[in-house]
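Trainee: My questions all concern the structure below.
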Amino acid sequence: MGKKMSLILDGFVKNNPTFVLVLGMCPTLATTTSAMNGLSMGLATLFVLVLSNMAISAIAPMVPDKVHIPVYIVVIATFVTVLQLLMQAFVPSVYATLGLFIPLIVVNCIVLGRAEAFANKNTVGASALDGIGVGLGFTVSLTVIGLVREILGSGSLFGWKIFPGDGVLAFVMAPGAFLVLGYLMALFNKYLKK
Amino acid sequence: MAAKSTLRNMVLCLTAVCLLCGAVLGLVYAATYDAIEAASLKALQASIGEVLPEGGEISEAMSCGDEGQTYEYYVSSREGETLAYAVKSTVSGFGGPLTLMVGVLPDGTVYNTSVLSHSETPGLGAKCATDAAFVEQWKNFPASKVLKVKKDGGDVDAITASTITSRAYTLAVANAVAVVKYLEGGSDGVDAASGASY
């Protein structure tokens, strides 16, 4: 039990994809204009990460070394496309907001990174837990960045207006994304990562 | 750990993985096809309902236009009399295509507009779908007013700091109105619309 928990916690703190590994910066910066967008993007990545980690750890022993990257990419792309179809069918409004960034999960370094660094040398169960941990770490990081940018940039919280006016526009745009990410990364490393 | 790489097992492995993934994708595609169609149809119908006066019977999709620029439109009618048109109008906005559903009465009055899809800047141009002052002005926008932003000498209030999006939005509405005028047999054809200043 303790080992399982530590596998999940590692993804949150020691291997936090956003604040420690600094992977997947493209969706991190682009989709966190609001807390809701950050949360949806994080969950979408979590879905792909868990399934691809499991599938890859199951097939890894049978895959010849020289073609392992193409095989992993095909597996990841399949799960991303499945996710894309499911989102179009059942949550079209979320799909419309995230649009382009869903197919881009295929080239998200977190997914391939975990496949290479963890899934291909561990059991299916451990890989699933690693996927959950790292995926949740990514989801929480993106939601927090989205929260800060939404409060400062639009004066609202999950779409609810909390103070009148428009807020500081820069926080909704790219410069604010870099600023918020930088400060959160500094805080995270000072207080949480020992 | 990983199997040894020989030509034979590399080809076999890639083929097997691709076949399997293809099969999974095919299954999921078939399983979600109806739901996706239904969802996009629902979104389209919701936007048509929003921009047309209530009570009319809405026709099937029709299209008009020529040479690259075609417009999809729906006619709302009651007992043979045309009440209004809903025209789907696409222009390029600031960040990509901007697609609107525009409800237009036969006399050229804009009844209401609704954004179908856009890729404008969040916090700036994206307000074209949410900013109350901007959205409200399109309700019953009379045919006598000029469909240009105030900066260009027209009667449309632009969104602050989003002139390009506001111009694009206005052009999309102007194009839709031109389509209706053309359908109603007026002098301004669709060709006049594509020459509208932007």
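The values are calculated or read from the model by the stated rules, or taken from the named source; none is laboratory data. Keep in mind it's a predicted model, so treat the numbers as computed, not measured. Backbone-built Cβ (ideal geometry, glycine too); neighbour counts: all protein chains shown.
Trainee: Select from the stretch A:151-168 the residues that are buried (at least 17 other Cβ atoms within 10 Å of the Cβ) and either away from every other protein chain (no Cβ under 13 Å) or not polar (S, T, N, Q) (or both) and list them in ascending order.
Mentor: Looking only at the stretch A:151-168, we keep the residues that are buried (at least 17 other Cβ atoms within 10 Å of the Cβ), and these are A:151-154, A:167.
Once the filter is applied, which keeps residues that are buried (at least 17 other Cβ atoms within 10 Å of the Cβ) and either away from every other protein chain (no Cβ under 13 Å) or not polar (S, T, N, Q) (or both), the stretch A:151-168 yields A:151, A:152, A:153, A:167.
Trainee: Can you tell me which residue is farthest from residue A:44 (Cα to Cα) among those in the stretch A:56-106 that are more than 9 Å from every other protein chain (Cβ to nearest Cβ) and touching a residue at least 60 places away in the same chain (Cβ under 8 Å)?
Mentor: A:58
Trainee: Could you please find all residues in the stretch B:121-144 being in a loop (DSSP other than H, G, I, E, B) and either at pLDDT below 85 or over 16 Å from the mean Cα position of the chain (by Cα) (or both)?
Mentor: Just the residues of the stretch B:121-144 that are in a loop (DSSP other than H, G, I, E, B), to begin with: B:121-124, B:130-131, B:137-140, B:142-144.
The answer is B:121, B:122, B:123, B:124, B:130, B:131, B:137, B:139, B:140, B:142, B:143, B:144.
Trainee: Could you say which residue among B:86, B:132, B:143, B:178 is without any contact (Cβ under 8 Å) to a residue 60 or more places away in the chain and touching a Phe, Trp or Tyr at 6+ places or on another chain (Cβ under 8 Å)? If you could, list the steps in order and put the result at the bottom.
Mentor: Values: B:132 fails: touching a Phe, Trp or Tyr at 6+ places or on another chain (Cβ under 8 Å); B:143 fails: touching a Phe, Trp or Tyr at 6+ places or on another chain (Cβ under 8 Å); B:178 fails: touching a Phe, Trp or Tyr at 6+ places or on another chain (Cβ under 8 Å).
None of the others qualify; the one that does is B:86.
Trainee: Ok, one more. Can you tell me which condition residue A:38 does not meet? The list is (1) buried (at least 19 other Cβ atoms within 10 Å of the Cβ); (2) modelled with pLDDT under 85, and all the others hold.
Mentor: Exception for residue A:38: condition (2).
Trainee: Would you mind finding the one in A:38, A:99 that is in a helix (DSSP H, G or I) and farther than 24 Å from residue B:33 by Cβ?
Mentor: Numbers: A:99 fails: farther than 24 Å from residue B:33 by Cβ.
The conditions single out A:38.
Trainee: From the list A:71, A:111, which one is buried (at least 19 other Cβ atoms within 10 Å of the Cβ), closer than 19 Å to residue B:11 by Cα and aliphatic (A, V, I, L, M)?
Mentor: On inspection, the qualifying residue turns out to be A:71.
Trainee: Filter the stretch A:114-129 for residues that are buried (at least 17 other Cβ atoms within 10 Å of the Cβ) and assigned to a helix (DSSP H, G or I) and give the result.
Mentor: Across the stretch A:114-129, the qualifying residues are A:114, A:115, A:119, A:120, A:126, A:127, A:128, A:129.
Trainee: From B:133, B:158, which residue is under 29 Å from residue A:166 (Cα atoms) and within 14 Å of chain A (Cβ to nearest Cβ)?
Mentor: Numbers: B:158 fails: within 14 Å of chain A (Cβ to nearest Cβ).
On inspection, the qualifying residue turns out to be B:133.
Trainee: Here's another thing I want to ask about it. Closer than 30 Å to residue A:153 by Cβ and either within 14 Å of another protein chain (Cβ to nearest Cβ) or modelled with pLDDT of 95 or more (or both): does that describe residue A:33?
Mentor: On the way: closer than 30 Å to residue A:153 by Cβ: yes; either within 14 Å of another protein chain (Cβ to nearest Cβ) or modelled with pLDDT of 95 or more (or both): yes.
Yes, satisfied.
Trainee: Additional query: For residue A:148, indicate whether it is among the aliphatic types (A, V, I, L, M) and more than 13 Å from chain B (Cβ to nearest Cβ). Step through it out loud before you land on a result.
Mentor: Numbers: among the aliphatic types (A, V, I, L, M): yes; more than 13 Å from chain B (Cβ to nearest Cβ): yes.
Spelling it out, residue A:148 is indeed among the aliphatic types (A, V, I, L, M) and more than 13 Å from chain B (Cβ to nearest Cβ).
Trainee: Report, by residue number, each residue of the stretch A:1-31 that is in a helix (DSSP H, G or I) and within 30 Å of residue B:121 (Cβ to Cβ). Even if it seems obvious, please write down each step before you answer.
Mentor: Initially, the stretch A:1-31 is screened for residues in a helix (DSSP H, G or I), giving A:2-12, A:25-31.
Those that are in a helix (DSSP H, G or I) and within 30 Å of residue B:121 (Cβ to Cβ): A:25, A:26, A:27, A:28, A:29, A:30, A:31.
Trainee: Oh, and also: On the given criteria, is residue A:176 within 19 Å of residue A:43 (Cβ to Cβ), buried (at least 22 other Cβ atoms within 10 Å of the Cβ) and not β-branched (Val, Ile, Thr)?
Mentor: On the way: within 19 Å of residue A:43 (Cβ to Cβ): no; buried (at least 22 other Cβ atoms within 10 Å of the Cβ): yes; not β-branched (Val, Ile, Thr): yes.
No, not satisfied.
Trainee: Just need a number here: residues in the stretch A:179-193 that are touching a residue at least 12 places away in the same chain (Cβ under 8 Å) and surrounded by 15 or more Cβ atoms within 10 Å (Cβ to Cβ).
Mentor: Of the stretch A:179-193, the ones touching a residue at least 12 places away in the same chain (Cβ under 8 Å) are A:180-181, A:184-185, A:188-189, A:192-193.
Filter once more, so that each one left must be surrounded by 15 or more Cβ atoms within 10 Å (Cβ to Cβ): A:180-181, A:184-185, A:188.
Qualifying residue count for the region: 5.
Trainee: If you don't mind, there's one more thing I want to ask. Could you check, for the stretch A:4-24, whether at least one of its residues is without any contact (Cβ under 8 Å) to a residue 24 or more places away in the chain and either more than 8 Å from every other protein chain (Cβ to nearest Cβ) or within 16 Å of residue A:134 (Cβ to Cβ) (or both)?
Mentor: Looking only at the stretch A:4-24, we keep the residues that are without any contact (Cβ under 8 Å) to a residue 24 or more places away in the chain, and these are A:5-6.
With the extra rule that they be either more than 8 Å from every other protein chain (Cβ to nearest Cβ) or within 16 Å of residue A:134 (Cβ to Cβ) (or both), the set shrinks to A:5-6.
Yes; the residues of the stretch A:4-24 include at least one that is without any contact (Cβ under 8 Å) to a residue 24 or more places away in the chain and either more than 8 Å from every other protein chain (Cβ to nearest Cβ) or within 16 Å of residue A:134 (Cβ to Cβ) (or both).
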